[in-house]
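The values are calculated or read from the model by the stated rules, or taken from the named source; none is laboratory data. Keep in mind it's a predicted model, so treat the numbers as computed, not measured. As a convention, Cβ positions derive from the backbone with ideal geometry for all residues, glycine included, and neighbour counts pool all protein chains shown. Keep in mind that these areas ignore ligands, DNA and RNA; they rest on the heavy atoms of the full protein, side chains included. Shrake-Rupley method; radii C 1.70, N 1.55, O 1.52, S 1.80 Å.
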Amino acid sequence: MTPARFALRRAARWEDLPALLDAPGATPVAGAQSLMPMLALRVTEPATLVTLDALPGYRAVEEAGGALRIGAGVTHAAIEDGIGPVPLRGWLARVAAGIAYRPIRNRGTLGGSLALHDPAADWPVALLALDAAAALRRGAATRRLRLGAFLTGAFTTALEPGEVLEAVEIPLPPRGARFGWCK
C-alpha cells in the first residue's frame with residue numbers, strides 16, 4: 001500500500017521545533033523504523049513529518065555528572081556496537097543486540113522506542129531497571145522525569161504537545177554492580 005501524502009520538514013534548531021510541531025497534523029520522527037510500516041498501511045496519516053535527526057546533540061553520547069547521557073536519536077545498532085563506560089557499555093549492548101535484527105537496529109532509535117512505548121519493547125523495561133531518566137524538551141524549555149513517571153501506560157508517555165524526548169540519562173552503576181538480561 002502507498003502512504004497518504006505528507007509534507008516533510010526538518011528541524012535544525014531546538015528553538016524552531018515547537019513551531020513545526022504545533023502545525024496541525026505534525027508528527028515528530030527520528031529513525032522512522034516503527035512509523036514507516038504504519039504509514040504504508042495507512043494506520044496513521046500525518047499531514048507533516050518533522051525530522052529530528054539534525055538537532056544539535058540528538059545523536060550525542062556523553063558522560064557527565066555521574067550519568068551516561070544518550071541522545072534520543074542514537075540507534076540501537078550504535079548502542080549494540082558499544083557506547084559508554086564499562087559496565088554500562090556491555091549491559092546496553094546486550095539489550096540492543098536482542099532487538100529484532102540488524103537492519104531494524106540500524107534505523108530504530110532509543111528515543112523512538114521510548115516515545116512509542118510499545119509494551120513489547122526492550123528499552124522501557126531495561127532502562128527502568130537501570131533507574132534512567134528522560135530529558136524532555138520543547139524549544140528552550142527542558143524538564144527531566146524519572147522513566148517511571150515518563151512511561152504512563154501502553155503506547156502512552158508524559159510527553160506534552162510540541163515536546164520531544166531529547167535524551168536518556170542513566171546513572172553510572174556503583175563498582176561491583178551486576179545486571180542481567182533475559183528476553
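Things to note:
- With every protein chain in place, segment 1-148: carbon and sulfur % of accessible area (1.4 Å): 56
- Take F6: with every protein chain present and a 1.4 Å probe, its accessible area is about 80 Å².
- Global form of segment 48-93, assessed from the alpha-carbon gyration tensor, a/c cut-off 1.5: oblate
- Between R143 and W181, the modelled labels are 3.0 nm apart [label points 7 Å from Cα along Cα→Cβ].
- Residues with amide H under 5 Å from that of R146, placed H, sequence gap 5 or more: A134
- DSSP-defined antiparallel bridges as percent of all bridges, segment 1-86, nearest 5: 35
- Stokes-Einstein D in µm²/s, Kirkwood radius over Cα pairs - the chain at 25 °C with 0.890 mPa s viscosity: 146
- 12 Å reach of a label modelled at F6, 7 Å along Cα-to-Cβ, counting backbone N of segment 34-68: 34-52
- Sequence-distant residues sharing a close amide H with T157 (under 5 Å, placed H): T152
- For the chain, the solvent-accessible area with a 1.4 angstrom probe is 51 square angstrom per residue.
- Segment D16-M38, extension gain: residue separation times 0.36 nm, minus the distance between their alpha carbons: 5.3 nm
- Accessible area per residue (1.4 Å probe, heavy atoms of protein chains only) ranks S34, S113 as S34, S113, with the largest value leading.
- The charge dipole of segment 66-183, taken about its Cα centre with unit charges on the Cβ of Lys, Arg, Asp and Glu (plus for the first two, minus for the last two), comes to roughly 260 debye.
- The phi torsions of segment 148-161, fed into the Karplus equation with coefficients 6.51, -1.76 and 1.60 and a -60° offset, translate into couplings of x, 8, 6, 8, 9, x, 4, 6, 9, 9, 8, 4, 9, x Hz, rounded to whole numbers, with Gly and Pro shown as x.
- Degrees, to the nearest 10: 88-97 long Cα axis against longest axis of the chain: 50
- Backbone geometry of segment 52-62 corresponds, through the Karplus equation with coefficients 6.51, -1.76 and 1.60 at θ = phi - 60°, to 3J(HN,Hα) couplings of 9, 5, 8, 5, x, x, 5, 10, 7, 10, 8 Hz, x marking Gly and Pro.
- Fraction of antiparallel bridges per DSSP, the chain only, in percent to nearest 5: 75
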